[in-house]
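Just below is one structure, and these are the notes that go with it.
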Amino acid sequence: MKKFLEFFKSPHIQIALATGISIIVMAYFSKRVLAQPIAYLPLAIPPFIATIYEAVLKKYENSWVSSTWYWIVLIFLSTFLVILFSAQRPINKPITVETHLLPDGFRIPHDVSEYYEMHQQFLDSLLALNSDLQSENPSIRKLNKPQPQEYAPLKMDGNTYTLRYKSGRMDGTEREEEYNILLNGEIIYDFTSRAPIPIDHIHGFFTWKNNWILEYYKEIIINGENINEKYVYDTSFYVSVIGDDFFYFAQKNGQIHLVQNHQLTDYYYDEVIVYQCCGYARYNPRFWKNLLTFYAKKNDKMYFVNVYVQD
């Protein structure tokens with residue numbers, strides 16, 4: 001027992017424990033609490049302080065500047081400040097979200113004619129209320145058909161970006177497909193998409209504000225960076241541009257959030273209807289220049305949701 005207590009009296013052990021606690025706390029907040037994960041550089045601040053302490057202790061072992069508790073306090077203070085500043089969210093334009101509860105029995109997909117007619121009437125009436133928001137939108141989601149294995153190239157800053165299909169194979173009820181993206185003929189990004197049949201793999205390839213953006217099944221890539229990995233999302237889907245803001249949906253901690261400019265909004269759902277095909281595609285999200293509409297489920301209730309950005 002005496003040796004055990006002496007072990008923890010070591011300043012090196014105390015600093016190491018403080019640093020370990022700091023890393024665990026930041027990891028928890030980054031993964032479970034904050035709207036966005038903490039960036040890599042701030043995460044390195046407490047370990048960097050511990051490294052400085054070791055150098056100071058070696059040079060000024062008997063000086064007050066090497067007092068262990070000073071440095072432990074500094075490590076915990078830096079941890080608090082990293083979390084605090086990471087929690088600061090840039091100010092986005094206010095959004096208006098209109099949520100309409102659907103009648104009991106309305107479920108998606110549904111191919112009964114009375115529900116199809118109800119859907120059409122409901123959608124038409126809601127869109128009529130927002131007809132001024134439905135101005136022409138640049139068709140950033142439209143893809144030209146492969147010709148025969150390359151999608152229509154994108155032009156940006158004098159460069160040409162090309163999405164090219166490489167190969168595919170069936171695996172039971174799913175299909176796996178491989179693609180790459182070329183910049184001026186040189187491969188800059190490779191990826192593999194796996195999706196249930198008959199869902200399309202590629203859902204968007206376009207440029208926006210000097211960025212090339214790729215959306216494939218449950219993944220969004222911006223300039224080669226996977227936002228699921230960057231922001232610790234389980235999945236992300238359905239990119240849309242409303243006004244001048246960048247929106248998509250992201251699943252995190254079991255909830256599907258509406259995301260505005262990479263910031264989780266206060267609007268989240270248990271399920272957002274997406275990836276419906278054929279006749280059921282009418283239930284997928286739709287967006288115009290200033291309006292986004294989608295179906296969602298929350299607490300076992302179905303909703304039709306309108307989103308638009310306030311000027």
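So here's what we get for this one:
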read-out	value
Gain upon complete extension [Glu178, Thr192; 0.36 nm per residue less C-alpha separation]	4.6 nm
Estimated vicinal HN-Hα couplings, Hz - the range 172-183 in sequence order (Karplus 6.51, -1.76, 1.60; Gly, Pro = x)	x, 8, 10, 10, 10, 10, 10, 9, 9, 10, 10, 10
Amide proton proximity set for Gly204, modelled H, under 5 Å, gap of 5+	Glu215
Taking Lys301, Lys155 and counting other C-beta atoms within 10 Å, the order from fewest to most	Lys155, Lys301
FRET efficiency, Leu77 to Val97 (Cβ-Cβ, R0 25 Å, nearest 0.05)	0.05
Packing-based exposure ordering (other Cβ within 10 Å, fewest first) of Phe29, Phe80	Phe80, Phe29
Amide H within-cut-off set for Trp212, under 5 Å, with H built and near neighbours excluded	Asn223
Vicinal HN-Hα couplings computed from phi for the range 284-290 (Karplus, 6.51 cos²θ - 1.76 cosθ + 1.60; Hz; Gly/Pro x)	5, x, 9, 9, 10, 5, 10
Karplus-derived 3J(HN,Hα), 6.51/-1.76/1.60, for each residue of the range 254-262, Hz, glycine and proline x	x, 10, 9, 9, 7, 10, 10, 6, 6
Filter on Lys31/Lys58; Lys58/Lys230; Lys93/Lys289; Lys252/Lys301 - keep pairs with C-alpha separation over 27 Å	Lys31/Lys58; Lys58/Lys230
Interchain or long-range residues, amide H under 5 Å from Asn290's placed H	Ser135, Gly243
Length-normalised contact order for the range 5-88 - Cα pairs under 8 Å, 6+ apart - percent	41 percent
Cβ-based exposure ranking for Glu54, Glu186, Glu225, in which fewest neighbours within 10 Å come first	Glu186, Glu225, Glu54
By average C-beta atoms within 10 angstrom, highest first, the peptides 190-203, 281-294, 14-27	281-294, 14-27, 190-203
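Each value in this text was obtained by applying a stated rule to the coordinates, not by laboratory testing. Keep in mind the model is a prediction, meaning the values are calculated, not measured. Neighbour counts run over all protein chains shown; Cβ positions are idealised from the backbone, glycine included.
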